[in-house]
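Chemist: What follows is a structure written as structure tokens; I'll ask about it next.
We did not get these values from a lab; they are worked out from the coordinates using the rules stated. Worth saying up front: this structure is predicted, and the values here are computed from it rather than measured. Cβ sites come from the backbone with ideal geometry, for glycine too, and all protein chains shown count toward neighbours.
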Amino acid sequence: MVSRILKWGNSLAIRIPKVFADEMNVAENTSIQMVLKEGALQITPITETGWDLVDLLAGVKAENLHDEWETDKPVGKEQW
């Protein structure tokens, strides 16, 4: 398939034909990884997993836990 590179703001853009998007299982706002290999652009969809609070909190250890820090006194109508 032959296509064209178009200007999009200060960048260049290509359109992914529907048959390719379906085959790659991508849609609007899908995260992708772009890599140049021997002068060719390779696009790979990134499979995103949801955040899990238990897994995130498992990474909190005494070594990486920071102390509280003070800010200045309230200015305006803040209530603390």
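Chemist: In debye, nearest 20: dipole of the range 15-74 around its Cα centre with unit charges on the Cβ of K, R (+) and D, E (-)? Write down the numbers at each step before the final one.
Modeler: Working: 5 positive and 12 negative charges, 91 e Å.
In total the dipole reaches around 440 debye.
Chemist: Under 20 Å between alpha carbons, and skipping anything fewer than 8 positions from Lys61 in its own chain: which aspartates and glutamates qualify?
Modeler: Asp52
Chemist: Hey, another quick one. Among the lysines, select those whose C-alpha is under 26 Å from the C-alpha of Lys77, and discard any that sit fewer than 8 residues away in the same chain.
Modeler: Result set, ordered by chain and number: empty.
Chemist: Looking at Gly76, Val26, Gly59, which one has the Cα that reaches farthest to the positive end of the dipole of the chain (charges on Cβ: Lys, Arg +1; Asp, Glu -1)?
Modeler: Val26
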